[in-house]
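Read-outs throughout are calculated quantities, based only on the coordinates presented, and are distinct from any laboratory measurement. Keep in mind the model is a prediction, meaning the values are calculated, not measured. Here the Cβ positions follow ideal geometry from the backbone for every residue, glycine too, while neighbour counts run over all protein chains shown.
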Amino acid sequence: MITLLKNIKLLGQTEIEPVAFRAGKEMQTMHNIENAYLLIKDDKFYAFGPMSKWNPSLLEGLDGPCTEIDATGRMVFPSFCDSHTHLVYAGSREIEYIDKIRGLSYEEIAKRGGGILNSSARLHAASEEELFDSAWQRLEEITATGTGAVEIKSGYGLNTEDELKMLRVIRKLKEKSPLTIKANFLGAHAVPLEYKGKQSEYVDLIINEMIPLVAAEELADYIDVFCDKGFFTPEETERMLMQGIKYGLRPKIHANELDYSGGIQVGVKYNALSVDHLEYTGDEEIAALLGSETMPTLLPGAAFFLGMVWAPVRKMIDAGLPVAMASDYNPGSCPSGNMQLVLSMGCIKYKMLPEEAFNAVTLNSAYALGVSDTHGTIAKGKVANFYITKPISTLEFMPYAFGNNKIERVFLNGAEN
Ligand code: NIG
Ligand code: FE
């Protein structure tokens with residue numbers, strides 16, 4: 001299967017010599033080609049360049065029919081990589097959202113048995129099939145808005161059986177969906193009601209029972225812990241991460257959303273692939289992250305929805321750090337998986353330049369997902385996940401026109417979706 005796109009107004013985020021991520025000043029780098037062609041062979045990018053260099057001889061030796069697309073006036077970008085979601089869940093939580101409007105904080109709602117525990121009770125009552133069907137709809141929704149690779153967490157089970165149930169649903173989504181999917185085991189999302197006052201026993205359950213079972217069925221790629229004020233301590237996090245690593249699960253954790261919790265430092269210490277949220281990031285946290293292999297990941301949708309303080313992203317990038325952005329799609333703190341909106345919020349709220357924000361939602365978030373060798377840019381041999389925009393004026397229009405869908409056609413694994 002050969003697909004040829006011609007007359008592309010701008011082919012964004014191409015790479016000749018792929019890098020794992022971009023940090024600091026480099027985040028302003030984006031290799032874009034004006035008036036370009038793009039050639040796709042089967043499920044991979046095969047060749048690209050300016051139209052002035054297009055030559056039909058490039059098709060020689062490529063078997064099969066060639067579908068030609070005239071992309072005049074349109075831009076092409078690699079699909080978004082959404083490295084942090086909780087998109088398997090049962091039921092929405094708009095009633096709590098009204099409580100929030102009335103002034104209750106995230107922690108107050110959680111303390112009243114709302115929040116994550118509310119979703120946990122609903123998930124318990126839902127069948128695998130129901131969970132699969134509703135998550136499938138969400139996957140279709142994020143595909144249409146430009147996402148091509150996504151991480152999905154467990155964490156609404158909070159007991160062995162239901163955590164495994166969630167992870168089996170994610171495995172089925174992986175098998176059936178054209179999206180690239182990674183699974184993250186988040187047994188330590190909250191302390192379930194039956195362990196109230198016995199948090200360390202719940203941590204033991206995760207360590208002694210859940211992690212070995214998750215690993216035995218090969219249900220997860222990563223391990224997560226909500227390491228924050230009112231949830232799990234750095235010491236508890238450390239114990240769980242050590243066990244996860246022993247069973248082959250690299251950490252990718254929630255940290256510093258509610259306080260200077262020590263979560264970032266624990267994540268770096270255990271070589272987490274990413275530490276996510278990061279509203280409370282100070283000089284010590286920045287120092288810990290510099291030179292590490294851990295990707296600082298911002299979730300502006302959750303900060304927006306909950307009315308949080310904004311992470312000091314300008315300071316982080318200016319200090320030389322890379323940053324990624326993801327949606328956090330979940331029923332409690334971000335009921336949206338729209339990465340076009342995340343791109344806009346990066347510019348509007350974090351004061352990122354458009355190129356920095358693009359790197360944060362493509363290449364750097366691919367790194368935070370563990371797939372930057374195959375996704376996140378348009379490079380020869382990478383998976384052909386990309387979208388064609390509607391006719392638009394400039395690259396800057398993408399983050400600028402917030403809330404509007406700028407995407408006309410979506411391709412996953414080289415095939416139109
Ligand atoms: O990433 N911070 C912790 N967990 C989720 C919220 C999940 C929920 O409220 O259901 C988050 O925001
Ligand atoms: Fe989250």
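For the reader, a short list of remarks on this structure follows.
- Sequence of His124, His189, His375, His254 once ranked by neighbouring C-beta atoms within 10 Å, starting from the fewest: His124, His375, His189, His254
- Counted by neighbouring Cβ atoms within 10 Å, the residues Ser292, Ser274, Ser52 run from fewest to most as Ser52, Ser292, Ser274.
- Result for the chain in a Gaussian network model with C-alpha springs under 10 Å: among Phe305, Phe48, Phe80, the largest mean-square fluctuation is at Phe305.
- Rounded to the nearest 10 degrees, the angle from helix 160-176 to the longest Cα principal axis of the chain is 10 degrees.
- Contact order normalised by residue count of region 80-369, Cα under 8 Å, 6+ apart, percent: 19
- Estimated distance in nm for a label pair at Lys176 and Ile16, the labels positioned 7 Å out from Cα along Cα-to-Cβ: 4.5
- Kirkwood Rh in Å, taken over all unlike Cα pairs in the chain: 21.6
- Each of Cys66, Cys334, Cys81, Cys347 was scored by other Cβ atoms within 10 Å of its Cβ. Arranged with the fewest first, they read Cys66, Cys347, Cys334, Cys81.
- Of Glu141, Glu107, Glu17, the one that fluctuates the most in a GNM where the chain has Cα springs shorter than 10 Å: Glu17
- Region 23-40 - phi-based ³J(HN,Hα) in whole Hz, Karplus 6.51/-1.76/1.60, Gly and Pro as x: 10, x, 4, 4, 5, 7, 8, 8, 8, 10, 10, 7, 6, 10, 10, 9, 10, 10
- In degrees, nearest ten, helix 339-350 long axis to first principal axis of the chain (Cα): 80
- Reachable lysines from Lys198, criterion Cα separation under 27 angstrom, eight or more residues apart if same chain: Lys111, Lys153, Lys165, Lys229, Lys246, Lys252, Lys269
- FRET efficiency estimate (nearest 0.05) - Cβ-Cβ, Lys196 to Ser105, R0 22 angstrom: 0.70
- Region 112-270: C-alpha gyration tensor shape, a/c 1.5 cut-off, then a/b vs b/c: prolate
- Point-charge dipole on Cβ atoms (K/R +1, D/E -1) for the chain, about Cα centre, debye to 20: 740
- Rg/Rg_ref, region 177-302, where Rg_ref = 2.2 N^0.38 Å and atoms are Cα: 1.03
- Computed from phi, the 3J(HN,Hα) profile of region 108-116 under the Karplus parametrisation 6.51, -1.76, 1.60 (θ = phi - 60°) reads 5, 5, 4, 5, 7, x, x, x, 4 Hz, with x in place of Gly and Pro.
- Descending Cα extents along the principal axes, region 309-377, whole Å: 33, 31, 16
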